[in-house]
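S.K.: One structure, as C-alpha cells, below. Some questions next.
Just so you know, all these numbers are worked out from the coordinates, no wet-lab data involved. Note that the structure is predicted; figures quoted are calculated from it, not measured. Glycine gets a Cβ as well: all are built from the backbone with ideal geometry, and neighbour counts include every protein chain shown.
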Amino acid sequence: MGAMGEATTPGVGGSPWTVVLRRLRRNQLAVVGAIIVVALVLTAVFAPWIAPYDPAEQNFDALLEPPSRDHWFGTDDLGRDVFSRVIYGTRYALLIGVAVVAIESILGALLGFASGYFGGKVDAYISRLIDIMLAIPTLVLALAIAGALGGGISNMILAIGVSGWTEFARLVRGEVLAIRNSTYIEAAKAVGLSDWRIILRHVAPNTVAPFIVYTTLYIPTAILWAASLSFLGLGAQPPTPEWGALIADGRGYLSFAWWIAVMPGVAIMVTVMGFNFLGDGFRDALDPKMARQT
Amino acid sequence: MWRYIFKRLVSLIPTVLGVSLIVFSLMHISGDPVRLMYGPNVAQEKVDERRAELGLDDPILVQYARWLFRAVQGDLGKSIRTNDRVTTMIGQRVEATLSLTILALLITLVISIPAGVISAVKPYSVFDNASRVFALFWVSAPNFWLGLIFILIFGVQLGWLPISGRHGPLWSVDGFLSHILPALTLGLPPAALFTRLIRSNMLEVIHEDYIRTARGKGLPETVIVVKHAMRNSLIPVMTLLGLRMPWLFGGAVVTETVFAWPGMGRLMVDSIMKRDYPVVQGAVLFLALLVVLANLLVDVMYAWVDPRIKYD
C-alpha cells in the first residue's frame, strides 16, 4: 500500500485506484491482456450468436473434415464443428476458473486471516495444515478427490478448490501479520473495537490489492488444472465441450485430424496468456518496485 | 549439517502424519469403496463379506490406526483389483517416474541458467526478447497439450522419436530416446519460468557494489558473471525449485498418461479410474514423501550455493 500512497503525491493526483488504472493503461501487455479477457467474456456471453453451429450437432456427411471456410477449425469424429465447440468451451473455462478461485480465495482468506490475526495456537495449527497441504501436489490431490467424488464439472471445481487454497492463505496471513502490528490497528484495539470489526474495517481493505493480483493470476492456473482433470477423464464428461475434454476427444485422431486436439489447446493458451498479462499488469501497477524486474 | 538434516527429518513426522490422514480420508469421502467397486448389481451379502475381509466395518479411527501402523512398517495394503501388494506396485514404477522427473529437472536447469544469464547480461536484446516470447508460450500452454504437439511433430510427422512407453532405462540408447519427449514436455514449462526468474535476479545482482568492486579490480567479465553474479542469483532459484517440486510431480502424473509412461502417475490415474483406493492412497502418500524429501534436499543445497547460510 505504501506504493500506492507514494503515487498519490501532489501533481500526480487521483485516488489510489485511479492511479492503478492509469498505470495499467500504460502497460501494453496489460492492455492486451484486458482486451483478451473482455473478448473471452463477450464470447462466453454471446456464444450462441458467435458459434455458426450447435456444438452438439452431429453431421455424418462431414466427419473429420480439415479446417475450411464452412468449418474454420474443422470437424470431429462425429461431424461436430470444432470452432463452435471451442466457442462454447469458453463458458466452461471462465465458469470453472472463477468458481475454483472463489472457493480457493474464500477458504484461503478465512484461514489466512485467522492465522495471521489471532496468532498463537491458531496460527500454529493452520500453518501446519498449510505445510501438510503443500506436501501433496495440488494436481495429485485434486485428481484423487475428483476421483473419489466421481467426475463431473461441479465435483472437479470442488476438488481443485479445496486442494489449491494454500497460496491464498499464505498471502493473506503474510499481509495480516504485516498490518497487525501497525499503530493504527493498535489504536483501533485501544478504542475497544471488536476483533471482527477490526478485521473487516481495517485489516481486510489493506489486503485487497494483493488479493486482486492473486485472483487474476490464479484463474489461468485453475483453468489449466481443470483442463488437465478433464483430459484425464475426471472433469467434464462428453459431450460437454470443455477444452480439456475436447483435447482428450481429439487425442486418438492426432495423426490424421490434428485440428480436433490442437485448436482447443490454442484457446487455452490464449486465455491463460490473457489472464497472466492482466495479472502481471495489476501486480506492476500496484507495486511499481516489481514492475521492471520481470 | 548432519544434525540439521536429522532435525529436519524429525520435524517432517507431523507433516507426513497429516498427509497420511488426508490420504486415508480420501477413501472415505466417496462412500463405500467396495460397493463402488462392485457396482449396484452385486448382492449386499457379497459386499458385506468383502468389507469385513478388508476391515472396512471397523470404526474409522481403528481403520486409520491399523492402516498407519502397517504403513509405518512399509505395508500399504493390497490392490482391491489385482490383490498385488501396493508397495510392490509402487516399487515397480518409481524408477520410471524418477528417471523422467530427474531428466526433466536437468532440462529445466540446463536451459534456464544459461538463457537467464544471457538475457540479463544483454537485456532487451534479440535473445532476451525471443526468450520472453518462448517463456510466455511455454507457461501458458497446458503441458499435456504440448506433449500431444510433440508427439504430432517429432513422432508422427518426422518419426524421429518414440511416442509412447519407456523403452528401457535412461542410460540405454532406446531408453534415452523414449525419455526425450516426455521429459521435454515436463521440463520446458518450468524452464521458461526459471529463465525469467534468473534474468531478474541477475539484473538485480549485477548492480550490487561487490560486482562494481570486481570490475574495478579488473576481473574478466566471464569471471564476474559466472563466479560472482550467477552464484548469488541462484539462491532464489533454489527456493523456487523447492516450491515447484509438487508441480513437477503433479505434472508427471499428466505427462505419464499422455506418453503411456509406466510410472507412479499413470498407476495413480489408472487406479483412480478403477476406484482401487489402496493403490491411490499409496501412490499419493509416496508422491508426497518424494516432495517432502526433495524439499529437504533443496534446503541442504542452499548451504552449498550460499555459505552465509548456517545450519544449527
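S.K.: Within chain A, what's the longest run with no trypsin sites (Lys or Arg not before Pro) in a DSSP loop and at most 16 other beta-carbon atoms within 10 Å? Give the range, please.
M.R.: On the way: sites that count: A:Arg69, A:Arg292.
Result for the longest clean stretch: A:70-291.
S.K.: How would B:Met37, A:Met269 line up from fewest to most surrounding beta-carbon atoms within 10 angstrom?
M.R.: Lowest count first: B:Met37, A:Met269.
S.K.: On to the next question. For chain A, what is the mean residue ellipticity at 222 nm derived from helices alone (per DSSP H run of n ≥ 4: -39500 (n - 2.57); sum divided by total residues; nearest 500 deg cm²/dmol)?
M.R.: The helix contribution divided over chain A gives -23000 deg cm²/dmol.
S.K.: Here is a further query. How high is the FRET efficiency between B:Glu95 and A:Val32 when r is their beta carbon distance and R₀ equals 45 Å, given to the nearest 0.05? Working shown, then result.
M.R.: Values: r = 45 Å, r/R0 = 0.99.
Efficiency computed from Cβ-Cβ geometry: 0.50.
S.K.: Here is a follow-up. Straight distance only, please: which aspartates and glutamates reach the Cα of B:Lys122 with their own Cα at less than 15 Å, same-chain residues fewer than 8 apart left out?
M.R.: Candidates past the 8-residue exclusion: B:Glu204, B:Glu221.
S.K.: Among A:Thr207, A:Gly97, A:Leu149, whose Cα lies farthest out toward the positive end of the dipole of region A:72-266, if unit charges sit on the beta carbon of Lys, Arg (+1) and Asp, Glu (-1)?
M.R.: Going by the charge dipole, the pick is A:Thr207.
S.K.: Another question about this same structure. For a Förster distance of 22 Å, can you work out the FRET efficiency between the beta-carbons of B:Val62 and B:Ser25, rounded to the nearest 0.05? Present the calculation step by step, with values, prior to reporting the outcome.
M.R.: Numbers: r = 15 Å, r/R0 = 0.66.
Between B:Val62 and B:Ser25 the formula returns 0.90.
S.K.: Another question, if that's okay. Can you tell which of A:Gly119, A:Tyr253, A:Met273 lies farthest toward the positive end of the dipole of chain A, using +1 and -1 charges on the Cβ of basic and acidic side chains (Lys, Arg; Asp, Glu)?
M.R.: Selected residue: A:Gly119.
S.K.: To the nearest 20 debye, what charge dipole does region B:11-72 have about its Cα centre, counting +1 at the Cβ of each Lys and Arg and -1 at the Cβ of each Asp and Glu?
M.R.: That gives a dipole near 200 debye.
S.K.: Same structure again: Output ³J(HN,Hα) for region B:13-23: one whole-Hz value per residue in order, computed from phi by the Karplus curve 6.51 cos²θ - 1.76 cosθ + 1.60 with θ = phi - 60°, and x for Gly and Pro.
M.R.: 4, x, 4, 5, 4, x, 4, 4, 5, 5, 4
S.K.: Quick one: putting +1 on the C-beta of Lys and Arg, -1 on the C-beta of Asp and Glu, what dipole do you get for region A:72-266 around its Cα centre, in Debye to the nearest 20?
M.R.: Rounded to the nearest 20 debye, it is 480 debye.
S.K.: List the residues whose amide H sits under 5 Å from the amide H of B:Lys78, counting only those 5 or more places along or on another chain, with H placed 1.01 Å from N in the peptide plane.
M.R.: B:Val86
S.K.: Something else about it: I'd like the mean, over residues of B:112-124, of how many other protein chain beta carbons sit within 10 Å of each residue's own Cβ.
M.R.: Mean shielding count: 0.
S.K.: Still on this structure, please answer the following. So, with +1 on the Cβ of K and R and -1 on the Cβ of D and E, and no other charges, what is the size of the charge dipole of the protein assembly as shown about its Cα centre, to the nearest 20 debye?
M.R.: My answer is approximately 1820 debye.
S.K.: At 7 Å along Cα-to-Cβ for each site, give me the label-to-label distance between B:Phe127 and A:Trp72 in nm.
M.R.: Here the modelled spin labels are 4.0 nm apart.
S.K.: While we're on this one: In chain B, which longest range has no chymotrypsin sites (Phe, Trp or Tyr not before Pro) that are both DSSP loop (not H, G, I, E or B) and surrounded by at most 12 other Cβ atoms within 10 Å?
M.R.: Longest site-free region, per DSSP loop and neighbour criteria: B:172-312.
S.K.: If I model a spin label at B:Arg231 and A:Glu57 as a point 7 Å from the Cα along the Cα→Cβ vector, what separation in nanometres do I get?
M.R.: Each label point lies 7 Å from its Cα, and together they span 6.8 nm.
S.K.: Placing +1 on the Cβ of each Lys and Arg and -1 on the Cβ of each Asp and Glu in the protein assembly as shown, which of B:Leu21, A:Asn27, B:Ile235 has its Cα farthest towards the positive end of the resulting dipole?
M.R.: Ranked along the dipole, the leading option is B:Ile235.
S.K.: On full extension of the chain, what length is gained from B:Leu158 through B:Leu289, given 0.36 nm per residue of separation minus the C-alpha to C-alpha distance?
M.R.: Separation in residues times 0.36 nm, less the Cα-Cα distance, equals 43.2 nm.
S.K.: Sticking with this structure for a sec: Taking square-rooted eigenvalues a ≥ b ≥ c of the alpha carbon gyration tensor, is the protein assembly as shown rounded, prolate or oblate, where a/c under 1.5 means rounded and, failing that, a/b exceeding b/c means prolate?
M.R.: Taking the square roots of the gyration eigenvalues as a ≥ b ≥ c, the protein assembly as shown is rounded.
S.K.: Can you flag which of B:Lys46/B:Lys78; A:Lys121/B:Lys78; B:Lys7/B:Lys227 are past 27 Å Cα-Cα?
M.R.: Checking Cα-Cα distances, A:Lys121/B:Lys78; B:Lys7/B:Lys227 exceed 27 Å.
S.K.: Return the distance in nm (one decimal) between the two label points of a simple spin-label model at B:Ala52 and B:Asp75, each offset 7 Å from Cα along Cα→Cβ.
M.R.: 2.1 nm
S.K.: Let's test the formula: R0 of 60 Å, r as the Cβ-Cβ distance of B:Met1 and B:Ala43. What FRET efficiency results, to the nearest 0.05? Before the final figure, lay out each step's value.
M.R.: Working: r = 61 Å, r/R0 = 1.01.
Given R0 = 60 Å and the Cβ-Cβ separation, E is 0.50.
S.K.: Rounded, prolate or oblate for region B:11-72? Axes are the square roots of the Cα gyration tensor eigenvalues, ordered a ≥ b ≥ c, and the cut-off for rounded is a/c under 1.5.
M.R.: Judged from the Cα gyration tensor, region B:11-72 comes out prolate (a/c at least 1.5, a/b above b/c).
S.K.: Still on this structure, please answer the following. Residue by residue through region B:41-58, what is 3J(HN,Hα) from phi via Karplus (6.51 cos²θ - 1.76 cosθ + 1.60, θ = phi - 60°)? Round to whole Hz and write x for glycine and proline.
M.R.: 8, 8, 4, 4, 4, 5, 4, 4, 4, 5, 4, 5, 4, 7, x, 7, 9, 6
S.K.: Which ³J(HN,Hα) values in Hz, rounded to whole numbers, follow from the phi angles of region B:238-252 under the Karplus curve 6.51 cos²θ - 1.76 cosθ + 1.60, where θ = phi - 60° and Gly and Pro get x?
M.R.: The phi angles translate into 4, 4, 5, 4, x, 5, 8, 3, x, 5, 4, 6, x, x, 4 Hz.
S.K.: Ok, one more. Mind checking B:274-280 for the average number of partner chain beta-carbons within 10 Å of each residue's beta-carbon?
M.R.: 2
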